[in-house]
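Undergrad: Let me give you the structure first, and then I'll get to my questions.
The values are calculated or read from the model by the stated rules, or taken from the named source; none is laboratory data. This structure is a prediction, so every number in the text was calculated from the model and none was measured. Neighbour counts run over all protein chains shown; Cβ positions are idealised from the backbone, glycine included.
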Ligand SMILES: [Zn+2]
């Protein structure tokens with residue numbers, strides 16, 4: 001066996017609800033430059049980007065446009081694929097979360113691991129939900145009672161959810177970041193996330209009833225529930241390279257060397273994603289590079 005070094009970098013996956021903007025180009029080109037450098041250095045390099053195609057916002061937009069939902073996301077994913085050619089990106093893979101061959105089985109396998117570990121539980125959830133952010137928010141996150149990003153009122157939602165016991169991994173995640181086993185660059189972002197983790201990470205809502213979200217990955221063993229964004233979107237980093245069947249590609253390139261992301265999603269990547277991998281017994285990525293907008 002040759003001892004060739006490997007390098008695996010990812011961008012965040014683009015949400016297909018809206019057309020590409022400069023922020024996507026920034027992140028794609030940044031990641032592309034890093035990957036090209038590693039190829040020049042002789043490393044076996046894999047560069048993954050792609051699209052996030054589930055969620056209530058996409059479902060509603062497709063309905064409003066009176067389009068078949070799969071046709072809608074196919075069309076919008078193509079816009080982002082076109083962007084990779086326009087920008088001459090050297091990406092090796094393009095993951096789509098509506099893909100049922102590689103992506104869905106990986107999400108369902110990961111979910112199963114979390115269940116085996118005893119880290120998924122059922123709970124009645126009541127919370128304030130921002131449809132723009134597709135996330136529940138706490139009172140303290142609001143500004144004048146509105147979502148600080150979308151400046152709109154939140155909806156009070158009461159429903160059955162599965163939860164992931166992220167709180168169990170709070171200390172461990174903190175130590176991994178503190179010691180740079182998960183290296184967060186720049187260090188200002190590292191300090192930020194460590195401060196957040198010091199307060200303790202909370203368990204996270206991990207599913208939605210199909211009645212509220214008919215468009216997403218089915219929860220194994222519960223036909224009435226669909227995976228919420230975490231176990232769906234974040235799993236793209238391992239799904240496309242073959243986590244479901246632990247393919248050679250997966251074994252060669254995972255753990256990723258670098259997730260390149262924007263500053264607004266650090267806590268999801270450094271918190272929830274790492275907790276999921278720890279719970280599932282999957283190695284964690286080596287680094288996260290955070291850019292501004
Ligand atoms: Zn919002």
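Undergrad: So, in the stretch 175-202, of the ones that are touching a residue at least 60 places away in the same chain (Cβ under 8 Å) and outside any helix (DSSP H, G or I), which residue ends up farthest from residue 163 (Cα to Cα)?
TA: Here is the first cut: in the stretch 175-202, the ones touching a residue at least 60 places away in the same chain (Cβ under 8 Å) are 176-177, 181-186, 189, 192-193, 196-197, 201.
Subset that is outside any helix (DSSP H, G or I): 181-186, 201.
On the way: 181: 27, 182: 25, 183: 27, 184: 26, 185: 30, 186: 31, 201: 13 Å.
Step by step, filter the stretch 175-202, then rank; the result is 186.
Undergrad: For the stretch 149-167, state whether one or more residues are modelled with pLDDT of 95 or more, away from the ligand (no atom under 16 Å from the Cβ) and either within 25 Å of residue 9 (Cβ to Cβ) or in a helix (DSSP H, G or I) (or both). Write out each step before concluding.
TA: Initially, the stretch 149-167 is screened for residues modelled with pLDDT of 95 or more, giving 162-167.
Okay, now just the ones that are also away from the ligand (no atom under 16 Å from the Cβ), so 162-167.
Adding the requirement that they be either within 25 Å of residue 9 (Cβ to Cβ) or in a helix (DSSP H, G or I) (or both) leaves 166-167.
Taking every residue of the stretch 149-167 in turn, at least one turns out to be modelled with pLDDT of 95 or more, away from the ligand (no atom under 16 Å from the Cβ) and either within 25 Å of residue 9 (Cβ to Cβ) or in a helix (DSSP H, G or I) (or both).
Undergrad: Among the numbered criteria (1) surrounded by 15 or more Cβ atoms within 10 Å (Cβ to Cβ); (2) modelled with pLDDT under 95; (3) farther than 24 Å from residue 269 by Cβ, which one does residue 74 miss?
TA: So residue 74 meets the others, but not (2).
Undergrad: Which of (1) in a helix (DSSP H, G or I); (2) crowded, with 16+ Cβ neighbours inside 10 Å; (3) in contact with a strand residue (DSSP E or B) (Cβ under 7 Å, 6 or more places away or on another chain) is the odd one out, the single condition residue 252 does not satisfy?
TA: (2)
Undergrad: Considering (1) touching a helix residue (DSSP H, G or I) at 6+ places or on another chain (Cβ under 8 Å); (2) under 24 Å from residue 256 (Cβ atoms), say which one residue 200 fails and leave the rest.
TA: Of everything listed in (1) touching a helix residue (DSSP H, G or I) at 6+ places or on another chain (Cβ under 8 Å); (2) under 24 Å from residue 256 (Cβ atoms), residue 200 misses just condition (2).
Undergrad: For the stretch 130-140, which positions are more than 7 Å from the ligand (Cβ to nearest atom), closer than 25 Å to residue 61 by Cβ and either in a strand (DSSP E or B) or free of Cβ contacts under 8 Å to residues at least 60 places away in the same chain (or both)? Quick ask: steps written out before the conclusion?
TA: The initial filter retains those residues of the stretch 130-140 that are more than 7 Å from the ligand (Cβ to nearest atom), namely 131, 134-140.
Remaining after also requiring closer than 25 Å to residue 61 by Cβ: 131, 134-137.
Once the filter is applied, which keeps residues that are more than 7 Å from the ligand (Cβ to nearest atom), closer than 25 Å to residue 61 by Cβ and either in a strand (DSSP E or B) or free of Cβ contacts under 8 Å to residues at least 60 places away in the same chain (or both), the stretch 130-140 yields 135, 136, 137.
Undergrad: So, one more: Which members of the stretch 90-129 meet the condition of being in contact with a strand residue (DSSP E or B) (Cβ under 9 Å, 6 or more places away or on another chain), over 30 Å from residue 29 (Cβ atoms) and not in a helix (DSSP H, G or I)?
TA: Selection gives 119, 120, 121, 122, 123, 124, 125, 126, 127, 128, 129.
Undergrad: Turning to a different aspect of this structure: Let me confirm something: among 90, 85, 170, which residue is away from the ligand (no atom under 16 Å from the Cβ) and under 21 Å from residue 201 (Cβ atoms)?
TA: On the way: 90 fails: under 21 Å from residue 201 (Cβ atoms); 85 fails: under 21 Å from residue 201 (Cβ atoms).
Result: 170 is the single residue among 90, 85, 170 that is away from the ligand (no atom under 16 Å from the Cβ) and under 21 Å from residue 201 (Cβ atoms).
Undergrad: Collect the residues in the stretch 219-249 that are under 19 Å from residue 9 (Cβ atoms) and in contact with a strand residue (DSSP E or B) (Cβ under 8 Å, 6 or more places away or on another chain), keeping them in residue-number order.
TA: 233, 236, 237, 239, 240, 241, 249
Undergrad: On to the next question. Regarding residue 213, is this residue surrounded by fewer than 22 Cβ atoms within 10 Å (Cβ to Cβ) and more than 22 Å from residue 169 (Cα to Cα)?
TA: Yes, satisfied.
Undergrad: Tally up the residues in the stretch 158-171 that are buried (at least 16 other Cβ atoms within 10 Å of the Cβ) and within 17 Å of residue 127 (Cα to Cα), please. Spell out the reasoning first.
TA: In the first step, residues of the stretch 158-171 are kept if they are buried (at least 16 other Cβ atoms within 10 Å of the Cβ); the result is 159, 161-166, 168-170.
Restricting the remaining residues to those that are within 17 Å of residue 127 (Cα to Cα) gives 159, 161-164.
Count: 5.
Undergrad: Restricting the search to the stretch 75-89, which residues are out of contact with any strand residue (DSSP E or B) (no Cβ under 6 Å at 6 or more places or on another chain) and either in contact (Cβ under 8 Å) with a residue 40 or more places away in the chain or over 12 Å from residue 50 (Cα atoms) (or both)?
TA: Within the stretch 75-89, 75, 76, 79, 83, 84, 85, 86, 87, 88, 89 qualify.
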